[in-house]
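What follows is a single structure, and I will ask about it in a moment.
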Amino acid sequence: MREFSVVGMLFPLLGSYRWIIPVIIILGVLSSFAEGIGIGLFIPLLNNIGQSRQAPVAGNWLIDSFGQLFNDIPPDQRLTIISVAILGSVLIRNVLFFSNYVLFSWLNAQVGHKLWCDIFEQLLTVGYRFIEQSKTSNLLNAINHKSWRAIDALSIIVRAIIITCTLIVYAALLILLSWKLTLLVAGAMVVISIIVRILTRSTERHGARVTQTYEKLTDRMIEGIEGMHVVRKFGREQYEQNRFAQTSNEVNKALVKLGIISGTISPIYEILAAVLLVFILFSTLQGAAHLPGVLVFIFVLYRLQPMVKELDSCRVRLLSLATPVQEVMELLNRHDKTYLVSGSQPFRKLQQGIYFDHVTFQYDADSSAMDDVSLLIPAGKTTALVGPSGAGKSTLIKLVLRLYDPTHGAIYVDDCNLRDLDLASWRQRIAVVSQEVYVFDTTVRENIAYGNLDATEADIIEAAKLAEAHNFICKLPQGYDTRVGSRGIRLSGGERQRLALARAIVRKPDILILDEATNALDSASEHLIQRALETLSQNRTVIVIAHRFSTIESVDHIVVLEDGGVREQGNIGYLLQLNGLFAKLYKLQNRTSALCI
């Protein structure tokens, strides 16, 4: 059954907390047993109301045992003693129930914490291709929405276990009171359950629909927020509002349908159970001797009925949560995803260079992003990567950072295969500055220190000065303690770029990667950052992705890429004399610049 598959998927989430399930079961059984005793004590209570002699014999072992339990107590004290005993059983039952609730709340919190950490760890360690191929909204939904629903499903499962324990105790009590009547009730309950199952058969489908529409709504939210500047520049506020309202309405309709299906359980049970109780009441009254037993049977049945209803409700809710639970567990599944395995050899300093030895890389089986590339990036020199869009420049940088491993061939750092290096120590010696700067929603100080978590206050200020950022930082409301907002929205483009540059400087890297860090800036900001980059590039290995050739005229070495392969290599004078692809691109860019002037 689908419900049991959900249980099977969630069971690994318990991890080292699986021992709690037997404890919860034991507490549930003891709590139900205490309640059963409390209900049974109503037999002597009813027998002794208005009676001063021994209780009548009903011919049932359980009824007679409870009925005669207080016969040795003087009649004038029986009602008081029985009432105290009932209150005591209620107290014990609620203490056990509360203990169970606290234990489960603790379990829920621990599993939730573990689940969120496991999801985030998965995102941090899974192959980078998975991140690039996944929609941001889906990943956010996994952490925010689907994980909560998985925890909710676990709560439902534990609640179902507790209810089942209570039902077992109640069922045993009913059998002892009257096994014939119990068989009749059991048959009626099975019929009621079948009716509910038929009416709620489409629950899983509607639950999946809710998940799909909610993901679509999250997409709309993210697009609207991230693209707000485009929306307003093009005057598309009403258009986006209509699209959002339409998607929100789809979510609303899906939730209403699921709510209607789930809501049918309660009235169906109430009506059919009421009919069953009335039938039992009028068909079993056979005199005063049987009255206490019949009334207790009906009371137990009355207490049991909502639990059967809740158990079926748990089943329906589990079905509605099957899709998000499955998607969360698929995200956590490590067997169908690729992972980069770190080497063990620590990296200390680049001595000779980075060598690509016949490297081929494919994002997918249909095409190669790099094809049989061999090149040397010498240590202590500046190497520029140039070429048209799609030439493979960004892919080469991703391979250097070891976000990916080559499909064929190998990359060597000095004489060591990059795969054999400890990944953390390798990346620790690299800093990247690109034109697409990401700034965290925290203080200026913490954004700079992100490059080196051990940086002192003096290191941070020195890095800011070298990045031409110290002056503008001091003018901010709280200086280095100023929060910059989401993606650095409170800063200009040039300020964000200088902040990113300070983050790279404080890292004190051996290898500096520049992805046209000044390409999207105004002339004043470009001049400041270019001057800072010249300082930072001294005595380091620098890799530059160049779009404007005016920025690479003094580099030591240029690699020209096209269609994933190396077409030309050399310094700028040699490449211009070669009159090949670089010379063509260089002349075309200079002609375009002249026309703009």
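We did not get these values from a lab; they are worked out from the coordinates using the rules stated. None of the values given here were measured: they were computed from a predicted structure. Backbone-built Cβ (ideal geometry, glycine too); neighbour counts: all protein chains shown.
Please give every one of the lysines within straight-line cross-link reach of Lys114, meaning a C-alpha to C-alpha distance under 17 Å, and leave out same-chain neighbours fewer than 8 residues apart.
Leaving aside lysines fewer than 8 places away in the same chain, those within reach of Lys114 are Lys146.
Return the subset of Lys398/Lys584; Lys393/Lys508; Lys381/Lys508; Lys398/Lys465 for which the Cα-Cα distance in this structure is over 21 Å, preserving the input order.
With Cα atoms farther than 21 Å apart: Lys398/Lys584; Lys393/Lys508; Lys398/Lys465.
Ser105 to Ile131: FRET efficiency via 1/(1 + (r/R0)^6), r the Cβ-Cβ distance, R0 35 Å, to the nearest 0.05?
Efficiency, from the Cβ-Cβ distance: 0.55.
Would you mind working out the magnitude of the charge dipole of region 430-508 relative to its Cα centre, with +1 at each Lys and Arg C-beta and -1 at each Asp and Glu C-beta, to the nearest 20 Debye?
Roughly 200 debye for region 430-508.
Give the cross-link partners of Lys337 among the aspartates and glutamates, using a straight C-alpha distance below 20 Å as the criterion and excluding same-chain residues fewer than 8 apart.
Excluding near neighbours in sequence, the set is Asp118, Glu121, Glu132, Glu327, Asp364, Asp366, Asp405.
Right, here's the next one. Largest first and to the nearest Å, give the Cα extent of region 430-508 along each principal axis.
Cα spread of region 430-508 along its principal axes, largest to smallest: 27, 25, 19 Å.
Mind ordering 312-318, 496-502 by average Cβ neighbours within 10 Å, highest first?
496-502, 312-318
So, one more: Go through 365-373, 340-348 and give me the packing order, highest mean Cβ count within 10 Å leading.
Result, highest mean first: 365-373, 340-348.
Which lysines have a Cα lying under 18 Å from the Cα of Lys253, excluding residues fewer than 8 positions away in the same chain?
Reachable lysines: Lys216.
Can you give the relative contact order of region 410-522 as a percent, counting alpha carbon pairs under 8 Å and 6+ residues apart?
43 percent
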